[in-house]
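In what follows, a single structure is set out as structure tokens and then discussed.
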Amino acid sequence: MRLTHWTDYSLRVLMYCAQCEAQQSVATIQAIADQHGISKSHLTKIVMTLAADGYLQTSRGRGGGICLGRPAAQIVLGEVVRKTETDFQMVECFGEGQSHCALLPACHLKNVLAQALEAFFATLDGITLADLMDTTQARMATLQTLAFKPQAARSRKVVMT
């Protein structure tokens, strides 16, 4: 199963806004677009949808921006993915219409995949944006420390022939 770009970008926007709130600042669509290399117009649509669903609050004008619409601890990842994904039909027989699969009468794959999908959502339903940010902030701090750690000078032995 692969999440759509829409869901991926939605999660990125929420994580970015949560990070901004932790730093007591406001996010902007332009800043998110620049950091992630995503079209500003595409992000605008995503932000408007997330705001309509109550995940974000937006304010226009000077000093405006985007912030979380509710505490990060109340934003459950499973709920966000269900809202932003349009299709969880992993194989043809998941659909409502007729399936043209010759294995359908005796196949157990549909049940196995349905259980896998349930397990996927059970995991996401147990994780909030706050949980995700706790681990992300710790990783970001580690990466920043590693990125700015000066390397010791290496001595080179020069051999003259």
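Every number in this text was worked out from the coordinates using simple rules, so none of it is lab data. Since we're looking at a predicted model, the values are computed, not measured. Positions of Cβ are backbone-derived with ideal geometry, glycine not excepted, and every protein chain shown enters the neighbour counts.
What is the local net charge at SER39, summed over the other residues whose Cβ is closer than 14 Å to its Cβ (Lys, Arg +1; Asp, Glu -1)? Write out the running numbers ahead of the final one.
Numbers: positive: ARG12, LYS40, LYS45; negative: ASP8, ASP34.
In short, +1.
Could you go through segment 39-53 in sequence order and give the Karplus-derived ³J(HN,Hα) for each residue, using 6.51 cos²θ - 1.76 cosθ + 1.60 with θ = phi - 60°, rounded to whole Hz, and x for Gly and Pro?
Listing the rounded values in order: 4, 4, 5, 5, 5, 4, 5, 5, 4, 5, 5, 5, 5, 5, 7 Hz.
Highest first, please rank the peptides 122-128, 12-18 by the mean number of other Cβ atoms sitting within 10 Å of their residues. It would help to have the intermediate numbers written out before the result.
On the way: 122-128: 13.4, 12-18: 21.0.
Final packing ranking: 12-18, 122-128.
Give a residue-ordered list of calculated ³J(HN,Hα) values for segment 13-22 (Karplus: 6.51 cos²θ - 1.76 cosθ + 1.60, θ = phi - 60°; whole Hz; x for Gly, Pro).
My calculation for segment 13-22 gives 4, 4, 5, 4, 5, 5, 5, 4, 5, 5 Hz in order.
Summing +1 for each Lys or Arg and -1 for each Asp or Glu, what net charge is found among the other residues whose Cβ lies under 15 Å from the Cβ of VAL81? Numbers along the way, then the final one.
Details: positive: ARG2, ARG12, ARG82, LYS83; negative: ASP8, ASP53, GLU79, GLU85, ASP87, GLU118, ASP125, ASP131.
That sum, taken over residues with Cβ under 15 Å, equals -4.
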